[in-house]
Amino acid sequence: MSDEGEAAEVIEVPQAAGATGVTEIVEAWASESTLLAFDGRILEVFGFPDVQRIHIAFRPTITVGKKMVSIAPTQGGKLSFFYDAARADEIAAFAVHVHAAHAAHA
């Protein structure tokens, strides 16, 4: 987690034996209890009774409002939740990673 709230954290995860390359997982804390994670294919939101998962094929759009973050896929329901204002830059940097992946799956 970034204390400054300026950039999303990128974690490199080695793949299983026989696989090639490294999977990058981008994470950002929206609050003390809400974690966003993106591995290039699946956007996950932890901190709710059920983990919310959205495939990049549904082109989730992340919007950081004054008090709430909204994630709107092309199919399915919109997810909105409160965030800590000090983490706005970190969440915005996370959104850039997710939105950039749209082009790769167009």
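The values are calculated or read from the model by the stated rules, or taken from the named source; none is laboratory data. Since we're looking at a predicted model, the values are computed, not measured. Counting neighbours? That spans all protein chains shown, and the Cβs are built from the backbone with ideal geometry, glycine included. Note: accessible area is taken over every heavy atom of the protein model, side chains too, but ligands, DNA and RNA are not part of it. Shrake-Rupley method; radii C 1.70, N 1.55, O 1.52, S 1.80 Å.
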Unmet criterion (only one of (1) surrounded by 11 or more Cβ atoms within 10 Å (Cβ to Cβ); (2) modelled with pLDDT of 95 or more) for MET1: (2)
Residues of the stretch 57-87 classified as more than 16 Å from GLU27 (Cβ to Cβ), open to solvent by less than 50 Å² (accessible area, probe 1.4 Å), touching a residue at least 24 places away in the same chain (Cβ under 8 Å) and not in a strand (DSSP E or B), total: 0
Residues within the stretch 11-28 that are open to solvent by less than 70 Å² (accessible area, probe 1.4 Å) and either at pLDDT 55 or above or part of a loop (DSSP other than H, G, I, E, B) (or both), tallied: 7
Hey, ASP50 farther than 18 Å from ALA101 by Cβ and at pLDDT 95 or above or not: no
Search result, residues across the stretch 79-98 that are modelled with pLDDT of 95 or more and of a type outside the set (A, V, I, L, M, F, W, C): SER80, TYR83, ASP84, ARG87, ASP89, GLU90
